[in-house]
Amino acid sequence: MARITAGIATSHVPAIGAAFDQGRDRDEYWAPVFAGYDWVKQFQEREDPDVVILCYNDHASAMMLDVVPTFALGMAEEFDVADEGWGRRPVPQVVGDPVLAAHLAEQLVIDEFDLTLMNALEVDHGCTVPLSLMFGRPAEWPVRVIPLAVNVTQFPTPSGERCWQLGAAIGDAVRSYPAGLNVQIWGTGGMSHQLQGERAGLINPEFDNAFLDKLVDRPEELRRITRIEYLREAGTEGIELIMWLIMRGALGEKVEELHRFYHVPASNTAVGHIVLRPLG
Amino acid sequence: MRTRLYSLDELNDIPGTTVFNALRSRQAYHLHKFCMSLMQEDNRAAFKADERGYLDKFRMSEEQKRAVLDRDFTRLIDMGGNIYFLVKLSNTDGWSTAKAVSSMTDLTPDEYAAMMRSGGRSPEGQRSIRGKK
């Protein structure tokens, strides 16, 4: 049977991808950011996962104009890297797992989650920056990836509680998959940041650090955070943190914290990263 | 009536903040279509060669076109725009996202970058217009 062996959260700031692609990842500004991800690269070499279910948001690259899906699951064999206005990131094509994706789609819709299924999807920095942070610069990504895109841009986004429930259903669906796969689930985006208006540049380290603490052992408190509270406390783009609850919901009640990193700033954003192991 | 955890009026109560929603998405549909067209190199080149002529291919309002030509991100947000679409324009210009974002504040790009390096903008006094907290 397939197992979820780790849950990983990370910010997915586009400037991190640009710094990485341009070889500025060890300069004075960026070195402290990238140093926070040295540990996880070693971890991934040891863990050698087969598949990652990667929760991220599309930044008006493949969705949000003509269609605005609340939850969209990537079903394809491969996902091309989007050109977001400055050319494609020079990273490998993202390879999918259509068989596991079809199983997830089947189970999740039966479990009342009315997903949008994407048979073609270009992925943007929301998906590729976390891959670079976890795996560095391989010629090919060492995992298959099932992208799960969440609307966190157009109000109303799904609630944190809904994201948690989806994560719990994903956990059950993975555990009912017959092949013995080593599966990770990643929640990306956040932490606090706001990219618009006079309030742009908002950073709330108290909120962020409490979120990291509660993610480990009091997730029920995070499930109650409303959309308006995310907007007020973590900024209009900080509501991306609801995607971390999909990851956490998939891990079950108890987890062990293996690694944590928090740093301000990366461009406009507070960077957070945590690695969790489900217990039992 | 169904119960709600809070009134949607609260979305208008966050200082210096516009919450993007379905109506705004529709108001900015053609502006956003223009922004997404800049995901192709040929289109970026065509836009740079003749900005006004390129914009005239889209069913945007004159005010939206004017704000694009002026790179007035505050106005573009006022007219329904969302930053994730609008950065396709600033990326085409070779601007950092931080520079585009800073243009909506009362800070210069350098002042904004300095604020971020020293920890960003505190939420204190920035949570609620009514409550001033």
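The values are calculated or read from the model by the stated rules, or taken from the named source; none is laboratory data. Treat the numbers as computed from the prediction; the structure is a model and nothing was measured. Cβ atoms come from the backbone with ideal geometry, glycine included; neighbour counts cover every protein chain shown.
Give segment A:53-69 a look and list any residue that's farther than 17 Å from residue A:239 by Cα and part of a loop (DSSP other than H, G, I, E, B), or say none.
Answer for segment A:53-69, where residues must be farther than 17 Å from residue A:239 by Cα and part of a loop (DSSP other than H, G, I, E, B): A:61, A:62, A:63, A:65, A:66, A:67.
Give the number of residues within segment A:69-116 that are modelled with pLDDT of 95 or more, more than 22 Å from residue A:182 (Cβ to Cβ) and in contact with a Ser or Thr (Cβ under 7 Å, 6 or more places away or on another chain).
Here the count works out to 7.
Give segment A:70-87 a look and list any residue that's in a strand (DSSP E or B), away from chain B (no Cβ under 14 Å) and not acidic (Asp, Glu), or say none.
A:71, A:72, A:73, A:74, A:79
Considering only helices (runs of 4 or more DSSP H) fully contained in segment B:47-92, which possess at least 3 residues that are within 12 Å of chain A (Cβ to nearest Cβ) and in contact with a Gly (Cβ under 6 Å, 6 or more places away or on another chain)?
B:83-92
For every residue, the table says whether it meets (1) within 19 Å of the chain's Cα centre (by Cα); (2) not small (Gly, Ala, Ser).
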{"site": "A:187", "(1), (2)": "yes, no"}
{"site": "A:190", "(1), (2)": "yes, no"}
{"site": "A:193", "(1), (2)": "yes, yes"}
{"site": "A:196", "(1), (2)": "no, yes"}
{"site": "A:200", "(1), (2)": "no, no"}
{"site": "A:205", "(1), (2)": "no, yes"}
{"site": "A:213", "(1), (2)": "yes, yes"}
{"site": "A:221", "(1), (2)": "no, yes"}
{"site": "A:224", "(1), (2)": "no, yes"}
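Given the conditions (1) within 8 Å of chain A (Cβ to nearest Cβ); (2) out of contact with any Lys or Arg (no Cβ under 7 Å at 6 or more places or on another chain); (3) closer than 20 Å to residue A:85 by Cβ, and given that residue B:106 satisfies all but one, which numbered condition is not satisfied?
Just one mismatch for residue B:106, condition (3).
Out of the residues in segment A:141-171 meeting the condition of being of a type in the set (A, V, I, L, M) and not in a helix (DSSP H, G or I), tell me which one is farthest from residue A:56 (Cα to Cα).
Filtering segment A:141-171 for residues that are of a type in the set (A, V, I, L, M) and not in a helix (DSSP H, G or I), the one farthest from residue A:56 (Cα to Cα) comes out as A:143.
Which condition number in (1) part of a loop (DSSP other than H, G, I, E, B); (2) buried (at least 17 other Cβ atoms within 10 Å of the Cβ); (3) more than 12 Å from chain B (Cβ to nearest Cβ) is the one that residue A:90 fails?
Of the numbered conditions (1) part of a loop (DSSP other than H, G, I, E, B); (2) buried (at least 17 other Cβ atoms within 10 Å of the Cβ); (3) more than 12 Å from chain B (Cβ to nearest Cβ), the odd one out for residue A:90 is (2).
Considering each residue of segment B:114-132, count those that are assigned to a helix (DSSP H, G or I) and more than 9 Å from every other protein chain (Cβ to nearest Cβ), and give that number.
So the count comes out to 1.
I need the helices (runs of 4 or more DSSP H) fully contained in segment A:180-247, keeping only those with at least 3 residues that are more than 10 Å from chain B (Cβ to nearest Cβ) and surrounded by fewer than 24 Cβ atoms within 10 Å (Cβ to Cβ).
A:205-217, A:219-223
Could you grab me the full set of residues in segment B:13-28 that are facing chain A (nearest Cβ under 7 Å) and either on the phi > 0 side of the Ramachandran plot or assigned to a helix (DSSP H, G or I) (or both)?
The answer is B:16, B:22, B:25.
Name the single residue, out of those in segment A:93-104 being crowded, with 19+ Cβ neighbours inside 10 Å and aliphatic (A, V, I, L, M), that is nearest to residue A:21 (Cα to Cα).
A:94
Considering each of B:44, B:71, B:24 in turn, give the residue that is of a type outside the set (S, T, N, Q), touching an Asp or Glu at 6+ places or on another chain (Cβ under 8 Å) and surrounded by 12 or more Cβ atoms within 10 Å (Cβ to Cβ).
B:71
Condition first: of a type in the set (A, V, I, L, M) and either in contact with a helix residue (DSSP H, G or I) (Cβ under 9 Å, 6 or more places away or on another chain) or in contact (Cβ under 8 Å) with a residue 40 or more places away in the chain (or both). Now tell me which residues in segment B:45-65 satisfy that.
Passing the criteria: B:46, B:55, B:60.
Every residue in segment A:117-140 that is assigned to a loop (DSSP other than H, G, I, E, B), farther than 13 Å from residue A:80 by Cβ and either touching a Cys at 6+ places or on another chain (Cβ under 6 Å) or not acidic (Asp, Glu) (or both), please.
Of everything in segment A:117-140, those that are assigned to a loop (DSSP other than H, G, I, E, B), farther than 13 Å from residue A:80 by Cβ and either touching a Cys at 6+ places or on another chain (Cβ under 6 Å) or not acidic (Asp, Glu) (or both) turn out to be A:119, A:136, A:137, A:138, A:139.
Quick check on segment A:89-103. Is at least one of its residues out of contact with any Pro (no Cβ under 9 Å at 6 or more places or on another chain), over 17 Å from residue B:39 (Cβ atoms), of a type in the set (Asp, Glu) and in contact (Cβ under 8 Å) with a residue 12 or more places away in the chain?
Yes, the conditions are met somewhere in segment A:89-103.
Have a look at B:9, B:42 and point out the one that is closer than 21 Å to residue B:90 by Cα, without any contact (Cβ under 8 Å) to a residue 12 or more places away in the chain and in a helix (DSSP H, G or I).
Checking each option against the conditions leaves just B:42.
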